[in-house]
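Notes follow the structure.
FYI, it's all coordinate maths here, none of it is from the lab. Note that the coordinates shown come from a computational prediction; the quantities given were computed from them, not determined experimentally. When we count neighbours, we look across all protein chains shown, and the Cβ atoms used for this are built from the backbone with ideal geometry, even at glycine.
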There are 2 protein chains.
Amino acid sequence: MEIDYVLAALPLIPSLVCILYIDNQQIFTMIVYSLLVSLVGFIMTNALVPVFSEYTLKRGLSGKDLGKKGSPLESVDVPEALGIVTGIVFLVCTILSQMLFATNESQLLIFNSALFSICFMIFLGFLDDSLDLKWRYKLILPSVASMPLLLSYSGHTAMFITKSLRGLLMSNGRLTIIGYIINLFATVDIEANGAIVELGYLFLVFMGLQAVFCTNAINIYAGINGLECGQAFIIAASLLFFKLYEISMLHNETENERFAILMVIPFIGTSLGLLRHNWYPAKVFVGDTFCYFSGMTFAVIGIHSHFSRTLLMLFIPQIINFIYSVPQLFKLLPCPRHRLPAIDAYTRMMTYSSFPCKAHEYKLFKVRVTDEQCPNCTFICAVLRVTGPLHEKSLCIVLLIIQCLFSVLAFYIRYYLLEN
Amino acid sequence: MEIDYVLAALPLIPSLVCILYIDNQQIFTMIVYSLLVSLVGFIMTNALVPVFSEYTLKRGLSGKDLGKKGSPLESVDVPEALGIVTGIVFLVCTILSQMLFATNESQLLIFNSALFSICFMIFLGFLDDSLDLKWRYKLILPSVASMPLLLSYSGHTAMFITKSLRGLLMSNGRLTIIGYIINLFATVDIEANGAIVELGYLFLVFMGLQAVFCTNAINIYAGINGLECGQAFIIAASLLFFKLYEISMLHNETENERFAILMVIPFIGTSLGLLRHNWYPAKVFVGDTFCYFSGMTFAVIGIHSHFSRTLLMLFIPQIINFIYSVPQLFKLLPCPRHRLPAIDAYTRMMTYSSFPCKAHEYKLFKVRVTDEQCPNCTFICAVLRVTGPLHEKSLCIVLLIIQCLFSVLAFYIRYYLLEN
């Protein structure tokens, strides 16, 4: 177990390096306090998860670990929905941060609307875990929960178009066909030669959709011990690095950066507190509660800190998984109840799972067909087809390393491709 | 059933009369819109309660109705915690109101911090209903949930002392002993001759305690079909009348009045939607969720609308019930698991329940001892001892009429005794 701690610390190293280069004393102090608050958050989450897992077990809020099939752990009831502990402790930590660092009314407003949205989402996630809601509610609920956030959004509603893409909108001072179509819904700034597209209310609709996407994307990229919590941790660590890099190297020290940092540090602390118990072999499950909570937190940070596109780039594995899953999610291909990897009861190795399909029926979607069986369309199964059978813990680590690599790619795109 | 609707409308008549006297066109329009929004809230709550009660039943979130002992309904599982529907619909309604009427940043801040606190409380209430938390959490949770509210509180922190009480603090231009003790913790304004006591942070502590009190006071004055929801409705109707009276008759048209009205009208609409299903014979139970939600909503309105003392006066039956319950709650007297009235299986009439106690042991607390049985120390049992056996529905109506009478008393104190 001890080596895993070292592994967990790795994604935080770039951020720690950046902290050393911060020369703004005020922000440095803020970060130190925030680290202390989230250390307390880590300790509290770590201590409260076992307490609350007894409660959830007693009330039957538990499930079997499908990845333990054929092992002595197969019949053990694993307590569910422990994301509530992370969520509540996170809310308390950020209320404290707000008390210490949000000094004027507009900062308080941003904090309160952000926390209201996150709190609403945690509540709805827990509702889903305890009542097992239908899909339509799962899509409506994040939209409802993001309303307070969008209402109090006071930033710009225009989109900056990078040089390389401007040609799509305008050429020779005139709108192209694509530019003309976009201009029907938004306003392409012709004088700026397509560099700015004013989206107006459409911007808020996009933000709302992003909240729906973030919450659900994490929720369907799951099923392996430690993966939900682990991916959220990697994304959060990347976000933290992104903001600290902006502050320390680019001297971009606006309110947006401060807000993002004050939200993401306690998120990392409380998530690590849960990850300890969710890591292989999982003693608790995080539940939809955690997926909704983390998705909404990222959406909130992205919206209020004005970097929605960079945020989306940190979700590349989730986006691939989502797009790849579409044929099964929308029933164009048969979708079994669970699409988890298959497990070999003797070797304890995981391989990709498959569903029965007729080769001639699904020509459009099939990737490889063996004995009329198609592999399930999930990112996890795709990885397993490349790597071959893996132990559950190794599989999780591989997936988290892939998440890290995509974060590196995202920053490469952000700072090299799009800047030039 | 139809006559009950007429009964339910009665407490709203004074408010309706006040609306006719409002001459501020802007506020009148606001009230009309708010009434429309809460009509939608009523319809949605009414429609969603049966949907969600199937969910809660399926997950075993249900209980037996102890007031139906000996009747065919005794063994029926009644779905629990339907306060979640009221809570969620209320949040959506107030988000809509906020969208329509909160125009500047400081109004948005008040709305968002208020809704964050209420949302947090609904979540914690539902957590309590589904996990059955211990008492210590029940006391900590409302304090935590009221933190965002208190942090964004920007109003005065001084208390105005009415003429009749000033003598207790000062006499002949000097502090009395009581005044001196109070001056240790707060600042008695000596130049104003004790009319103002500046409480500073202590004010916020009081506000936090009020939130804890309101949530728990409703929770322990419960157990009869329709009582939790009914009392909340009467208190809300009284609050609405109070604010409309201030606006229409006293031309007190500050932000505070607008905020209170925009919160309390959707509360009434959504609570009535739940009351329909909770009224005798109850098809659903409201759960701790509703008690916490309503208590917090009242506390929030009282704090942001600056009338904490008038609010407390609307809680007189709850306060009597609480003080009367103290010997049992703190185990100075034996406290049975349930302190509900006893029910006669044949006549279906309710009488006060009792617990075994030895006359000589409890001389201090005993009110009446029959065959070494003491009546339970609840307001409901006290009423039953005065009225004699009552049918459950009649008992609820009697208790709600008492609640109304105490509201009348509260306004008499507020407008006649304290003003002069």
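Of note:
- Shape metrics for the protein assembly as shown, restricted to C-alpha atoms - Rg then Dmax, Å: 29.6, 101
- P(r) tail fraction, segment B:1-61 - alpha-carbon pairs more than 20 Å apart, %: 51
- The mean count of C-beta atoms from other chains within 10 Å of the C-beta of residues in A:235-246, rounded to a whole number, is 0.
- Volume per residue that the Cα convex hull of chain B spans, once the total is divided by residue count, Å³: 159
- Cα-based shape type of segment B:158-198, given that a ≥ b ≥ c are square roots of the gyration tensor eigenvalues and the cut on a/c is 1.5: rounded
- Overall form of segment B:193-333 per C-alpha gyration tensor (a/c, 1.5; a/b vs b/c): oblate
- Radius of gyration and Dmax over the Cα atoms of segment B:117-160, both given in Å: 13.3, 42
- Pairwise FRET efficiency - A:L20 versus B:Y346, Cβ, R0 = 56 Å, nearest 0.05: 0.10
- Burial ranking of peptide ranges A:143-153, B:186-196 (average Cβ count within 10 Å, highest at the top): A:143-153, B:186-196
- Space enclosed by the convex hull of the alpha-carbon atoms of segment A:129-207, per residue, Å³: 126
- HN-Hα J in Hz across segment B:98-113 - Karplus 6.51, -1.76, 1.60, θ = phi - 60°, x for Gly and Pro: 4, 4, 7, 10, 8, 9, 9, 4, 6, 5, 4, 4, 4, 4, 5, 5
- Converting phi to 3J(HN,Hα) with the Karplus coefficients 6.51, -1.76 and 1.60 and the offset θ = phi - 60°, segment A:345-350 yields 4, 8, 7, 6, 9, 9 Hz in sequence order, with x at every glycine or proline.
- In the assembly of identical copies, B:N252 has its label point, taken 7 Å from Cα in the direction of the beta carbon, separated from the corresponding points by 5.0 nm (ascending, one decimal).
- For segment B:2-70 versus segment A:387-419, the gap between their alpha-carbon centres in whole angstrom: 52
- Ordering of B:276-287, A:38-49, B:69-80, B:318-329 by burial proxy (mean other Cβ atoms within 10 Å per residue, highest first): B:276-287, A:38-49, B:318-329, B:69-80
- 5 angstrom amide H check on A:M170, placed H, neighbours 5+ away: A:T176
- Peptide A:96-108 has a mean shielding of 3, counted as Cβ atoms of other protein chains within 10 Å of each residue's Cβ.
- Note: relative contact order over segment B:158-198, using C-alpha pairs below 8 Å and six or more positions apart, is 48 percent.
- For segment A:145-213 and segment B:260-339, distance of Cα centres in Å: 48
- The helix-based estimate of mean residue ellipticity at 222 nm for chain A, built from -39,500 (n - 2.57) per DSSP H run of four or more residues and divided by its residue count, is -20500 deg cm²/dmol to the nearest 500.
- With the label put 7 angstrom out from Cα along the Cα-to-Cβ vector, A:Y21 ends up 6.9 nm from the copy partners, going from closest to farthest.
- The H on the amide N of B:A158, modeled in the peptide plane, is under 5 Å from the matching H of B:L199, each at least 5 residues off or on a different chain.
- Shortest-first distances to equivalent copies, position B:L209, nm, label 7 Å out along Cβ: 5.3
- In this structure, the amide hydrogen of B:S62, modeled 1.01 Å from its nitrogen in the peptide plane, lies closer than 5 angstrom to those of B:E80, counting only residues at least 5 positions away or on a different chain.
- Placing dummy labels 7 Å off each Cα toward the beta-carbon, the span from A:I190 to B:Y416 is 7.4 nm.
- Mean sequence separation of contacting Cα pairs (under 8 Å, at least six apart), scaled by the length of chain B, corresponds to a relative contact order of 22 percent.
- Charge context of B:M349, other residues only, Cβ under 15 angstrom, K/R +1, D/E -1: +3
- Each label was represented as a point 7 Å from its Cα along the Cα-to-Cβ direction; for A:D4 and B:H306 these points are 5.5 nm apart.
- A cut-off under 11 angstrom between Cβ atoms defines the neighbours of B:G295, and their net charge, with Lys, Arg +1 and Asp, Glu -1, is -2.
- Per-residue HN-Hα couplings for segment B:78-92 [Karplus 6.51, -1.76, 1.60; θ = phi - 60°; Hz; x = Gly/Pro]: 9, x, 9, 6, 6, x, 4, 5, 3, x, 5, 5, 4, 4, 4
- Other residues lying with their Cβ under 10 Å from the Cβ of A:L82 contribute a combined charge of -1, Lys and Arg counting +1, Asp and Glu -1.
- Pairs from the list A:K138/B:K58; A:K64/A:K134; A:K68/A:K283; A:K283/A:K393; A:K243/A:K283; B:K64/B:K331 with a Cα-Cα gap above 24 Å: A:K243/A:K283; B:K64/B:K331.
- Förster radius 30 Å - calculated FRET efficiency between A:I181 and A:I323 (Cβ-Cβ, nearest 0.05): 0.85
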